[in-house]
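Below: the structure, in structure tokens.
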Amino acid sequence: MRLEGKKVLITGALRGIGKTIADLFTAEGAEIWGLDYKTPDDLQNRIDEAKGKLHWVTVDLSELATIEEKIESAIKESGGFDILVNNAGITKDNLSFRMSFDEWQKVLDINLSAAFIVARTVARDMIRKRAGSIINMSSVVGVHGNAGQANYSASKAGLIGVTKSLAHETASRGVRINAVAPGYIATDMTAGLPDKVKEAFVERIPLKRMGTAQDVAAAALFLASDDSAYITGQVLPVDGGMFT
């Protein structure tokens, strides 16, 4: 029960990695505020499974002008968050020469600008309490790049920059800010890839398997808990040694 009594905001909690993080953190004693662009159809079942320790915040993170107000409302409702997992993100892959500006901008808006607004708003409250942990969900492509993902890579590289800068700005007030950089993870996003593409990726991974949402959630738990009390401004790869 490493998060007993902690209040946690998780963006992109509807499914995939975000939902897995919410489930793990709940099992570790946390009270969760899940945030996504729509309310899950099985919300009441999720609340029941979490024994009432799940709340839902519906926010469209592409509407940048309204984010801060809605996050401040969630902070007021919760009494303040101890942990933020900035997990929400989208992809709109295309080769750079074919990528429309709309494809570029939408990914940057949600993956970087919205994440910055959420992190800044929550961090401001954490600073007042002189305690808190923020985990930003970056990616290995934010470090190494990837063909067809100039927009996504740029957004995740930018998020690393935000992480390191905010870590410098908040450390003296007891707030820690780190990033997780997942590699090739089995999610809804990767499920539709051709088998040959999946096999080629696995061949590049020393551990010879795809990562799971549970692998990423475990890394987030470490950074959220007191086990990482002396760690801030860092990027933790969860890539099976792919870029060792």
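The values are calculated or read from the model by the stated rules, or taken from the named source; none is laboratory data. This one's a predicted model, so the numbers in the text were calculated from it and none came from an experiment. Backbone-built Cβ (ideal geometry, glycine too); neighbour counts: all protein chains shown.
Could you identify the single residue in F201, F243 that is surrounded by 13 or more Cβ atoms within 10 Å (Cβ to Cβ), modelled with pLDDT under 95 and touching a Phe, Trp or Tyr at 6+ places or on another chain (Cβ under 7 Å)?
F201
Based on what the data block shows, is A65 outside any loop (DSSP other than H, G, I, E, B), closer than 26 Å to S155 by Cα, of a type outside the set (V, I, T) and in contact (Cβ under 8 Å) with a residue 60 or more places away in the chain?
Spelling it out, it is not the case that A65 is outside any loop (DSSP other than H, G, I, E, B), closer than 26 Å to S155 by Cα, of a type outside the set (V, I, T) and in contact (Cβ under 8 Å) with a residue 60 or more places away in the chain.
Checking W56 against (1) free of Cβ contacts under 8 Å to residues at least 12 places away in the same chain; (2) assigned to a strand (DSSP E or B), only one condition comes out false. Which one?
Condition (1) is where W56 drops out.
Got a sec? Which of L35, L24, L3, L14 is at pLDDT 95 or above, part of a strand (DSSP E or B) and closer than 17 Å to L84 by Cα?
Only one candidate passes the filter, namely L35.
Could you give me the residue pairs with C-beta distances under 6 Å whose first residue belongs to the stretch 187-200 and is farther than 20 Å from G89 by Cβ, whose second residue is small (G, A, S) and surrounded by 14 or more Cβ atoms within 10 Å (Cβ to Cβ) wherever it lies, and which are 6+ apart or on separate chains?
The qualifying pairs do not exist here.
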